[in-house]
Amino acid sequence: MSGPFAYRGTDLWVEQLPLSGIVEQVGTPCYVYSRNAIEDRWRRFDTAFGMAAHRVCYAVKANPSLAVLGLLAGLGSGFDIVSEGELRRVRRAGGDPRKVVFSGVGKTVAEMRYAIGEGIDCFNVESESELERLERTAAAMQAHVRVSLRVNPDVDPDTHPYIATGMRDNKFGIPIAEAPRIAAAMKGMRHLVLVGLDCHIGSQLVSLAPFEDAFARILELAQMLRASGHRLEHLDAGGGLGVRYRDEDPPEPQQYVDRLLAMLAERGLSDLALIIEPGRAIIGEAGILVTTVEYLKSVPSRRFAIVDAGMNDLLRPALYDAWHEIVPVRRRAGPESTYDVVGPVCESADFLGRGRQLCIMEGDLLAVRTAGAYGSSMGSHYNSRLLPPEILVDGDRFEIVRARAAYETLWAGERTMGEQAPLVTPLSRGK
C-alpha cells in the first residue's frame with residue numbers, strides 16, 4: 001500500500017500520523033483526508049498544461065467539504081458547480097466566482113439569479129429551453145451573461161450506466177447535431193454571449209479513447225462555429241478521469257492533458273483556452289472511511305463483519321455495486337477468513353464489501369480506501385443516523401473539519417402537528 005495511507009509495521013498511517021490515534025479522539029465512523037494528497041493531485045493537473053491557457057475547475061459534487069474547497073481555492077483552482085448550494089459553498093470557502101462554471105440540467109430561475117449576481121464566469125447550458133430562460137433572467141437583471149453550450153457527442157464512455165452522461169439517451173447536454181442551429185439562434189439574444197463549448201461524457205473513465213472520441217467531435221464543432229462567425233474563447237473537456245479502486249490503470253494527468261493539447265494543435269485551435277473539471281481524480285484516493293467491527297456473525301452460507309458504517313455513510317457499493325478495498329487499520333497475525341463487510345442499516349443492500357479476506361476480531365478498525373469522492377457528499381441520515389465527522393490531516397497534525405453532529409440536528413427545522421411554527425417568508429420560485 002502506497003500514497004498518503006501506508007503501513008508502518010502493523011499499523012496504518014496517514015501522512016505522519018497513525019490512524020488509530022486519530023480514531024481514539026474522534027471515534028468511528030469517520031472520514032479521513034490527506035491534505036498533501038489533495039494538493040499534489042491538483043497541482044499535477046495544473047502543471048501538466050505548462051504555458052497553455054487553461055483552468056482546472058474542481059467538480060464540487062465529488063466532495064463539497066469546505067476544508068477541501070478552501071485548500072483548492074488557495075491553490076487558485078476554479079470550480080465546476082451544479083447547484084446554488086455548491087456555489088454558496090465555494091463562496092464560503094473563499095473561491096473566486098470568476099473561476100466558476102455552472103453545469104447541470106435543471107437550473108432554476110433563483111439559481112440563475114444568484115449565480116449572475118455573484119459574477120460567475122460561465123453557464124454550461126444544457127438545453128434550448130434553459131438558454132431561453134437564461135436570456136429572460138439576464139434581461140430582467142440587465143446583465144450580460146457568458147455561455148458555453150454543453151453538447152452531447154453520443155460517445156460510449158465504457159463506464160457504469162448510472163455515471164455515463166454523454167450518450168444520446170442520457171439527459172445531459174444538447175445533441176451535437178443541433179448545436180449549430182442553437183448557436184445561430186443565440187446571435188439574436190441580446191443578453192447572452194457564446195464563449196465556449198463544453199462536453200462531459202461520464203465518470204470513472206480509465207482509458208483515453210472515449211475522451212479522444214468526444215473531444216474530436218467538439219473540435220470539429222468548434223471549427224464549424226468559428227467559420228460561422230462565433231468568437232469562441234474556450235473549450236471545456238469536462239471531467240471523468242478515473243482512479244484506482246482495485247486493478248484499474250487510469251491515465252496520469254500529464255498523459256490526459258498532453259493528448260487534449262495535441263488534439264487542439266492538430267486542429268489549429270491552440271489559441272482557445274482549455275478547461276477541465278476533475279473531481280474524483282483529485283479527491284478520490286486522498287480519503288478513506290474508518291469503521292469499527294461491531295460483531296462477527298456466521299450463517300450457514302457466509303460470515304458477516306458487521307461494522308458501524310453503513311450505506312448512509314458510503315452509498316457507492318449499494319448504488320453502483322462499487323468495489324472499495326477494505327483493510328485493517330492494525331494487522332493481526334493469523335489465518336484470514338472470508339467476510340461480507342456490512343453495515344447496521346435495515347437494508348440487505350447495506351454492504352461496504354463482499355467476499356473479503358480478513359483476519360479480524362470484534363472491536364477492530366477497518367479502513368475503506370479510495371473513499372474521498374462521492375462518499376461524504378452522498379451521505380444521508382437514513383435510519384436517523386448521524387453523518388460521520390471529517391478529518392483533514394496535514395503532516396503530523398489533524399483538524400476536525402466537520403464535527404459529528406448532535407442528535408438534535410436530525411430534526412432541526414421540523415415540528416410536531418399543532419406545535420407553534422416560526423414565521424417563514426414563502427420562497428418564490430418564479431419561472
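The values are calculated or read from the model by the stated rules, or taken from the named source; none is laboratory data. Since the structure is predicted, the reported quantities are computational estimates derived from the model, not experimental observations. Glycine also receives a Cβ, built like all others from the backbone with ideal geometry; neighbour counts cover every protein chain displayed.
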Candidate set from the stretch 41-55 (those that are farther than 28 Å from Arg397 by Cα and touching a residue at least 24 places away in the same chain (Cβ under 8 Å)); member that is surrounded by the fewest Cβ atoms within 10 Å (Cβ to Cβ) | Ala53
Of these, Gly310, Gly240, Gly279, which one is under 30 Å from Gly27 (Cα atoms), buried (at least 21 other Cβ atoms within 10 Å of the Cβ), assigned by TED's automatic domain parsing to the domain that holds Leu194 and within 25 Å of the chain's Cα centre (by Cα)?
-> Gly279
Counting only residues in the stretch 188-217 that are modelled with pLDDT of 90 or more and touching a Ser or Thr at 6+ places or on another chain (Cβ under 8 Å), the one nearest to Gly242 (Cα to Cα) is identified as Asp198
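Yes/no per residue for (1) surrounded by fewer than 20 Cβ atoms within 10 Å (Cβ to Cβ); (2) farther than 19 Å from Ile283 by Cα:
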{"position": "Phe304", "(1), (2)": "yes, yes"}
{"position": "Arg316", "(1), (2)": "no, no"}
{"position": "Val327", "(1), (2)": "yes, yes"}
{"position": "Arg330", "(1), (2)": "yes, yes"}
{"position": "Ala333", "(1), (2)": "yes, yes"}
{"position": "Arg354", "(1), (2)": "yes, yes"}
{"position": "Leu392", "(1), (2)": "no, no"}
{"position": "Glu399", "(1), (2)": "yes, no"}
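Having 3 or more residues that are crowded, with 21+ Cβ neighbours inside 10 Å is the bar; report the strands (runs of 3 or more DSSP E) wholly within the stretch 1-40 that clear it. Before the answer, list the steps.
Details: elements: 5-8, 11-14, 30-34.
The qualifying strands (runs of 3 or more DSSP E) are 30-34.
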Residues that are in contact with a helix residue (DSSP H, G or I) (Cβ under 9 Å, 6 or more places away or on another chain): which strands (runs of 3 or more DSSP E) entirely in the stretch 287-337 hold 3 or more of them?
-> 287-299
Failed condition for Pro300, given (1) assigned by TED's automatic domain parsing to the domain that holds Glu39; (2) over 17 Å from the mean Cα position of the chain (by Cα); (3) not basic (Lys, Arg), with all others met?
-> (1)
Tell me, yes or no, whether the stretch 351-359 has at least one residue that is in the same structural domain as Ser301 (by TED's automatic domain parsing), closer than 15 Å to Asp11 by Cα, outside any strand (DSSP E or B) and over 30 Å from the mean Cα position of the chain (by Cα).
-> yes
Do we have any residue at all in the stretch 363-381 that's surrounded by fewer than 16 Cβ atoms within 10 Å (Cβ to Cβ), out of contact with any Phe, Trp or Tyr (no Cβ under 9 Å at 6 or more places or on another chain) and either more than 23 Å from Ala406 (Cα to Cα) or of a type in the set (Val, Ile, Thr) (or both)?
-> yes
Per the list (1) buried (at least 20 other Cβ atoms within 10 Å of the Cβ); (2) at pLDDT 85 or above, residue check on Ala140 breaks on (1)
For Glu362, are the conditions met, namely being touching a residue at least 24 places away in the same chain (Cβ under 8 Å), touching a Leu at 6+ places or on another chain (Cβ under 7 Å) and farther than 30 Å from Asn36 by Cβ?
-> yes
Conditions: (1) under 19 Å from Pro344 (Cα atoms); (2) part of a loop (DSSP other than H, G, I, E, B). Glu414 meets all but one. Number of the miss?
-> (1)
Conditions: (1) within 21 Å of the chain's Cα centre (by Cα); (2) on the phi > 0 side of the Ramachandran plot; (3) not basic (Lys, Arg). Asn383 meets all but one. Number of the miss?
-> (1)
Which residue pairs have Cβ atoms closer than 6 Å, lie 6 or more positions apart in sequence or on different chains, and pair a first residue in the stretch 77-94 that is assigned by TED's automatic domain parsing to the domain that holds Ala53 with a second residue that is buried (at least 19 other Cβ atoms within 10 Å of the Cβ) and of a type in the set (Phe, Trp, Tyr)?
-> Ser77/Tyr58; Phe79/Tyr58; Ile81/Phe102; Val90/Phe79
Within the stretch 251-262, considering residues that are surrounded by fewer than 19 Cβ atoms within 10 Å (Cβ to Cβ) and not acidic (Asp, Glu), the one nearest to Glu212 (Cα to Cα) = Arg259
Confirm whether Gly395 is in contact (Cβ under 8 Å) with a residue 60 or more places away in the chain, farther than 17 Å from Ala318 by Cα and small (Gly, Ala, Ser).
-> yes
